[in-house]
Amino acid sequence: MRPTNLSEVVGQGVALNPAGPMAAFLSNPKPEQSLPSILLYGPPGSGKTTIARLLAKTCGRRLIEISAINATVKDLREAMDSSRSFIQEGKGAALVFVDEIHRFSKVQQESLLLAVENGEIVLIGATTENPLYALTSAMVSRASLMSLSELKDQEIKEILERAIKDERGLNAKFQVSDEAIAEIARKSGGDARKALTVLEAISQAVSRSGSSEIGQSDVAPAMASALARYDATGDQHYDIIS
């Protein structure tokens, strides 16, 4: 159910509004247009990976995806070499998407700086941690910061309703009550990915019982309580205390 175009993106009206910094790149892209490096900061399931992929697609750039959890400096060098070859072919610098970029060590972050500064890559970093303390100041100064917000319950409902009807999702094979949709949305904590995962789990459980109707009572076995975002050292620690 990941959006395939900008019109399918739900929420993030501030970051993606027509007057915002990303409007020119997402709504009216030009192949020769230079792109800024961007740090996408927001909670899980808010659309960071989706926005990175849509940016690459709409701008006609090659996307190289890297997970900071298991990437090495060698992986980064290979990505930079690939991007340089694209530039030599006249295709423009590749978008190097680094998920969980806050997990990179200082050395790994600094290995990207020269390529970013010289325009050899367009860095798109995604993080759930505040970049101002999770990333080096040199990295933050070379990229635009785009803050994504937690999705509202109504936005989660819209995503769920689309998944129920869409052929990529449940393809209208189940009748889902409004109460069940509202319950999943309320308990998902603004995380679209979590909400869709729970909907899928419920549909599988209901299907095994020979039914095609999903009610509010079917939600609890798959999702007993609401999610509360928490981290021991970051902003959420203080948000929950407040």
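Seen against the Cα atoms of the chain and their longest principal axis, helix 106-117 is set at about 70 degrees. Dipole size of segment 107-166 about its Cα centre, with +1 on Lys/Arg Cβ and -1 on Asp/Glu Cβ: approximately 60 debye, rounded to the nearest 20.
Would you mind checking the pairs 57/106; 57/157; 48/187 and listing those with alpha carbons more than 24 angstrom apart?
Among 57/106; 57/157; 48/187, the Cα-Cα distance tops 24 Å for 57/106; 57/157.
Please give the charge dipole size of segment 156-222, origin at the Cα centre, charges +1 on K and R Cβ atoms and -1 on D and E Cβ atoms. Round to the nearest 20 debye.
Numbers: 10 positive and 11 negative charges, 42 e Å.
Charge dipole of segment 156-222: 200 debye, to the nearest 20.
Given a 1.4 Å probe and the protein chains as shown, residue 133 ends up with an accessible area of around 110 Å². Computed about its Cα centre, the charge dipole of the chain is approximately 480 debye, with only Lys, Arg, Asp and Glu carrying charge at their Cβ. Mean projection of the Cα convex hull over all viewing directions, computed for segment 103-228: 10.1 nm². I need to check one value: relative contact order of the chain, counting alpha carbon pairs closer than 8 Å and at least 6 residues apart, in percent. Over the chain, the number comes to 21 percent. Spin-label model, residue 204 to residue 118: label points 7 Å out along the Cα-to-beta-carbon direction sit 4.7 nm apart. Hey, what angle do you get for helix 178-187 against the long axis of the chain, alpha-carbon based, 0 to 90 degrees rounded to 10? Approximately 50 degrees, to the nearest ten. Volume per residue of the convex hull around the Cα atoms, evaluated for the chain, comes out as 145 Å³.
Give me the percent of the accessible area of the chain that comes from carbon and sulfur atoms, probe 1.4 Å, all protein chains in place. Its accessible area is 49 percent carbon and sulfur atoms.
The values are calculated or read from the model by the stated rules, or taken from the named source; none is laboratory data. Everything numeric in this text was worked out from a predicted model, so none of it was measured. We place every Cβ from the backbone using ideal geometry, glycine too, and count neighbours over all the protein chains shown. Just so you know, the surface numbers come from the protein's heavy atoms only, side chains and all, with ligands and any DNA or RNA stripped out. Shrake-Rupley method; radii C 1.70, N 1.55, O 1.52, S 1.80 Å.
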